[in-house]
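**Student:** Here it is, the structure, as structure tokens.
The values are calculated or read from the model by the stated rules, or taken from the named source; none is laboratory data. These figures come from a predicted structure and were not determined experimentally. Please note: Cβ atoms are built from the backbone with ideal geometry, for glycine as well, and neighbour counts cover all protein chains shown.
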Amino acid sequence: MNSFISGLQRLHGMLEFLRPPSDHNVGPVRSRRRRGSASRRSRTAGSQRTDSARSRAPLDAYFQVSRTQPHLPSTSQDSETRNPVSEDLQVSSSSSSDSESSAEYEEVVVQAEDTRAVVSEEQGGTAAEQEVTCVGGGETLPKQSPQKTNPLLPSVSMDDEEGDTCTICFEHWTNAGDHRLSALRCGHLFGYKCISKWLKGQARKCPQCNKKAKHSDIVVLYARTLRALDTSEHELMKSSLLKEQMLRKQAELESAQCRLQLQVLTDECSKLHSRVQDLQKLVQHRDQISQSPSGSQARFLNCLPSIQNQRKYHFQKTFTVSPTGNCRIMTYCDALSCLVVSQPSPQASFLPGFGVKMLSTANMKSSQYVPMHGKQIRGLAFSSRSKGLLLSASLDSTVKLTSLETNTVVQTYNAGRPVWSCCWCLDESNHIYAGLVNGSILVYDLRNTSCHIQELVPQKARCPLVSLSYIPRAASAAFPYGGVLAGTLENASFWELKMGFSHWPHVLPMEPGGCVDFQTESSTRHCLVTYRPDKNHNTLRSVLMEMSYKLNDAGEPVCSCRPVQTFLGGPTCKLLTKSAIFQNPENDGSILVCTGDEASNSALLWDAGSGSLLQELQADQPVLDICPFEANHSSYLATLTEKMVHIYRWE
């Protein structure tokens, strides 16, 4: 019977131990108090319970021992004080052993509960612990420490909260349902129900930007969350990078300009240095003459040409314009500091036709190709008034104006016949001349973009106009009139420009036939005529002529020309080559003449005053065109062959 009662006591103790705690014990307090809850209940309510509750004293004693507090042994007097009825209950040895085994099982359960309580303490934070103290009679009284409040979760920032709410109802939008995330064309975000109701009302505008909107503009966005990536620093660094790149390019440009100026100044310094040396030699010779007999003056005069002849054209550079050949003519633009050369298209299979290659004289490098005509170009001339405006004549029966600043054709005139030559009117900047294959001259006004305004019919044979050159009006007693000098394969005419832009023809007295080129020098009113070899002359001839006039019986001027000097060349002339007449780079008032010689594949430089040969500039092919120009405070001479351009510098 005693063993049965003891078993009931143990079973009741286990049920009391496994009973769930009350709801007000939360967090770590509940987990840590669970270990001794059964024993404390039995002790505090012992006086109010039945005899069956008194039999839980051994189990309570066990839980007191299993705590971390020091164990206080209980005496018989203590047991009498706690439970007076315990004297009547005799616990056998078998019940004691059963109690010990049950106590061991309960200790394992309590330890597991204690482990979970510790984990709960580490995760949820610290809470108030309730300590149990033993009183002398074995009774335990709970002692509560002040409870600490759990730290609050970090509050959501206002920016994130505003980014998740609808600006109409100020409620969070959803990723499903009637309040799902939606947007308008302007990009502002709302809940679908709110913006739909908003647009169905009177205000058909965006609630945020007031931009017009309609119900069909609503777009549902399938996104769980929206986060705007802050790229302000990235954009700031990007703008800083662009600014630095711009400053770097500007610095590189300034550096290149400084290097170019340094090179120009260095060349000028070397030129002045050589000039000073020449002057020093002249001073030394003058001192010697002043101290020597009068007969030595002749020796001084003889030494002057030798000193002056030290300056001549020296080879500078060669440009390969067209590897396939077919180059024809060139001219120089002082405003752009570039030499333009006619050539066929470098990509003839993709872009057939002809154009010009630009050669920069500032850095002596070739630049780009500009397409212009469908057939070969026969005439080129730059405007002296408009920067970079190039006039071109071609065998495709067109005359074109091309801006080399933008590399575009700005005006096209259809002449109806192949055009062999062209030039600008230097007295009227809005007029141009075009020489046709039949010998006629078409006059165009740039303000009239449709057709020509005049046609100058040839006075004699209708031959192709191989050359057109304009002589401007000048206050010169020798020849004050202005007009265009037209040279054909048979003869030459001077069309005098009258008042009202009318032209009066003057046929020049020249040898008939065999003319290949006409060039003029406007400041001295001279012209250069080149003749082919014929039965009376077995060599190429270049005749320098001076323009003159005389008055007839009616008092009208009759323009004419007279030969001044003749320059002989080689025995062959199969090509229509061009010559050049220009002032001496020394600026001493003398005239130089440069002609091409097919027999020797060279350009011959002559002194127009004495008729003596000054220099022979060798080339690998016949020289087709010659162009003198000034660049970087230096004088240059360019010779053109069928494939290449040779640059020579006067020094």
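**Student:** Give me the residue from region 194-243 that is among the polar types (S, T, N, Q) and within 17 Å of Arg180 (Cα to Cα) and, out of that set, modelled with the lowest pLDDT. Break it down stepwise before answering.
**Tutor:** To start, the set of residues in region 194-243 that are among the polar types (S, T, N, Q) comprises 196, 202, 208, 210, 216, 225, 231-232, 239-240.
Adding the requirement that they be within 17 Å of Arg180 (Cα to Cα) leaves 196, 216, 225.
Numbers: Ser196: 91, Ser216: 89, Thr225: 72.
Applying the filter and picking the extreme gives Thr225.
**Student:** For Val370, which of the numbered conditions (1) within 17 Å of Leu390 (Cα to Cα); (2) over 25 Å from the mean Cα position of the chain (by Cα); (3) in contact (Cβ under 8 Å) with a residue 24 or more places away in the chain fails to hold?
**Tutor:** Unmet condition: (2).
**Student:** Would you say Cys338 is under 27 Å from the mean Cα position of the chain (by Cα), closer than 25 Å to Pro585 by Cβ and hydrophobic (A, V, I, L, M, F, W, C)?
**Tutor:** Values: under 27 Å from the mean Cα position of the chain (by Cα): yes; closer than 25 Å to Pro585 by Cβ: yes; hydrophobic (A, V, I, L, M, F, W, C): yes.
Criteria met by Cys338.
**Student:** Let me ask something else. What about Cys209, is it crowded, with 20+ Cβ neighbours inside 10 Å and either touching a residue at least 40 places away in the same chain (Cβ under 8 Å) or under 19 Å from Asp164 (Cα atoms) (or both)? Talk me through it step by step, then tell me what you get.
**Tutor:** Values: crowded, with 20+ Cβ neighbours inside 10 Å: no; either touching a residue at least 40 places away in the same chain (Cβ under 8 Å) or under 19 Å from Asp164 (Cα atoms) (or both): yes.
Judged against the criteria, Cys209 is not a match.
**Student:** Look through region 561-611, keep the residues that are of a type in the set (Ser, Thr, Tyr) and in a strand (DSSP E or B), and return whichever of them is farthest from Asn632 (Cα to Cα). Give the derivation first.
**Tutor:** Step one: list which residues in region 561-611 are of a type in the set (Ser, Thr, Tyr), which gives 566, 572, 577, 579, 590, 595, 600, 602, 610.
With the extra rule that they be in a strand (DSSP E or B), the set shrinks to 566, 595, 602.
Values: Thr566: 33, Thr595: 25, Ser602: 26 Å.
Selected residue: Thr566.
**Student:** Any residue in region 626-651 that is in contact (Cβ under 8 Å) with a residue 40 or more places away in the chain and assigned to a strand (DSSP E or B) sitting within a Cβ distance under 8 Å of a residue that is surrounded by fewer than 19 Cβ atoms within 10 Å (Cβ to Cβ) and hydroxyl-bearing (Ser, Thr, Tyr)? List the pairs, counting only those 6 or more apart or interchain.
**Tutor:** Pairs that qualify, where the first residue is in contact (Cβ under 8 Å) with a residue 40 or more places away in the chain and assigned to a strand (DSSP E or B) and the partner is surrounded by fewer than 19 Cβ atoms within 10 Å (Cβ to Cβ) and hydroxyl-bearing (Ser, Thr, Tyr), are Ala631/Ser337; Met644/Thr318; Met644/Thr320; Val645/Thr318; His646/Thr318; Ile647/Thr318; Arg649/Ser634; Trp650/Ser634.
**Student:** State whether one or more residues within region 392-400 are in a loop (DSSP other than H, G, I, E, B) and within 22 Å of Leu497 (Cα to Cα). Spell out the reasoning first.
**Tutor:** As a first pass, look at region 392-400 and keep what is in a loop (DSSP other than H, G, I, E, B): 395-397.
Within this subset, residues satisfying the condition of being within 22 Å of Leu497 (Cα to Cα) are none.
No, that holds for no residue.
**Student:** Right, another one. Could you say whether any residue in region 394-407 is free of Cβ contacts under 8 Å to residues at least 24 places away in the same chain and β-branched (Val, Ile, Thr)?
**Tutor:** Initially, region 394-407 is screened for residues free of Cβ contacts under 8 Å to residues at least 24 places away in the same chain, giving 396-397, 403, 406.
When the remaining residues are screened for being β-branched (Val, Ile, Thr), the result is 406.
The answer is yes; a qualifying residue exists.
**Student:** For the subset of region 266-303 comprising residues that are of a type in the set (A, V, I, L, M, F, W, C) and surrounded by fewer than 12 Cβ atoms within 10 Å (Cβ to Cβ), which member is modelled with the highest pLDDT? Working first, answer last.
**Tutor:** Filtering region 266-303 for residues of a type in the set (A, V, I, L, M, F, W, C) gives 269, 272, 276, 279, 282-283, 289, 298, 300-301, 303.
Narrowing the set further to residues that are surrounded by fewer than 12 Cβ atoms within 10 Å (Cβ to Cβ) leaves 269, 272, 276, 279, 283, 298, 301.
Working: Cys269: 89, Leu272: 85, Val276: 84, Leu279: 78, Val283: 76, Ala298: 39, Leu301: 39.
Out of the qualifying residues, it is Cys269.
**Student:** If you scan region 591-604, which residues turn out to be among the small types (Gly, Ala, Ser) and either farther than 17 Å from Cys627 by Cβ or surrounded by fewer than 16 Cβ atoms within 10 Å (Cβ to Cβ) (or both)? Steps first, answer last, please.
**Tutor:** Within region 591-604, the subset among the small types (Gly, Ala, Ser) is 596, 599-600, 602-603.
Ala599, Ser600 - these are the residues of region 591-604 that are among the small types (Gly, Ala, Ser) and either farther than 17 Å from Cys627 by Cβ or surrounded by fewer than 16 Cβ atoms within 10 Å (Cβ to Cβ) (or both).
**Student:** Can you list residue pairs whose Cβ atoms sit under 9 Å apart, with the first residue in region 170-193 being among the acidic types (Asp, Glu) and the second being in a strand (DSSP E or B)? Count only pairs 6 or more apart in sequence or on different chains.
**Tutor:** Glu171/Thr165; Glu171/Gly191; Asp178/Gly191
**Student:** Taking the conditions exactly as written (without any contact (Cβ under 8 Å) to a residue 12 or more places away in the chain and closer than 28 Å to Tyr481 by Cβ), does Gly589 satisfy them or not?
**Tutor:** Numbers: without any contact (Cβ under 8 Å) to a residue 12 or more places away in the chain: yes; closer than 28 Å to Tyr481 by Cβ: yes.
Answer is yes for this residue.
**Student:** Of all residues in region 333-358, which are in contact with a Pro (Cβ under 7 Å, 6 or more places away or on another chain) and either in a loop (DSSP other than H, G, I, E, B) or exposed (fewer than 15 other Cβ atoms within 10 Å of the Cβ) (or both)? Step through it out loud before you land on a result.
**Tutor:** Going through region 333-358, the residues in contact with a Pro (Cβ under 7 Å, 6 or more places away or on another chain) turn out to be 345, 351, 353-355.
Of everything in region 333-358, those that are in contact with a Pro (Cβ under 7 Å, 6 or more places away or on another chain) and either in a loop (DSSP other than H, G, I, E, B) or exposed (fewer than 15 other Cβ atoms within 10 Å of the Cβ) (or both) turn out to be Ser345, Leu351, Gly353.
**Student:** In addition: If I go through region 522-560 residue by residue, how many of them are surrounded by fewer than 21 Cβ atoms within 10 Å (Cβ to Cβ), in a loop (DSSP other than H, G, I, E, B), in contact with a Pro (Cβ under 7 Å, 6 or more places away or on another chain) and modelled with pLDDT of 85 or more?
**Tutor:** 3
**Student:** Are any residues in region 506-521 more than 57 Å from the chain's Cα centre (by Cα) and either in contact (Cβ under 8 Å) with a residue 60 or more places away in the chain or in a loop (DSSP other than H, G, I, E, B) (or both), and if so, which ones?
**Tutor:** Passing the criteria: Leu508, Pro509, Met510, Glu511, Pro512, Gly513.
**Student:** Checking the conditions here, which among Gln261, Gln202, Gln245 is under 33 Å from the mean Cα position of the chain (by Cα), outside any strand (DSSP E or B), more than 30 Å from Ala631 (Cα to Cα) and polar (S, T, N, Q)? Write out each step before concluding.
**Tutor:** Working: Gln261 fails: more than 30 Å from Ala631 (Cα to Cα); Gln202 fails: under 33 Å from the mean Cα position of the chain (by Cα).
Exactly one of Gln261, Gln202, Gln245 is under 33 Å from the mean Cα position of the chain (by Cα), outside any strand (DSSP E or B), more than 30 Å from Ala631 (Cα to Cα) and polar (S, T, N, Q), namely Gln245.
**Student:** So, one more: In region 506-532, which residue that is in contact with a Leu (Cβ under 9 Å, 6 or more places away or on another chain) and aliphatic (A, V, I, L, M) is farthest from Ile471 (Cα to Cα)?
**Tutor:** Val516
**Student:** Among the numbered criteria (1) surrounded by 11 or more Cβ atoms within 10 Å (Cβ to Cβ); (2) in contact with a strand residue (DSSP E or B) (Cβ under 9 Å, 6 or more places away or on another chain), which single criterion is violated by Asp178?
**Tutor:** The number of the failed condition is (1).
**Student:** Can you tell me which condition Asp588 does not meet? The list is (1) under 23 Å from Met545 (Cβ atoms); (2) crowded, with 18+ Cβ neighbours inside 10 Å, and all the others hold.
**Tutor:** The failed condition is (2).
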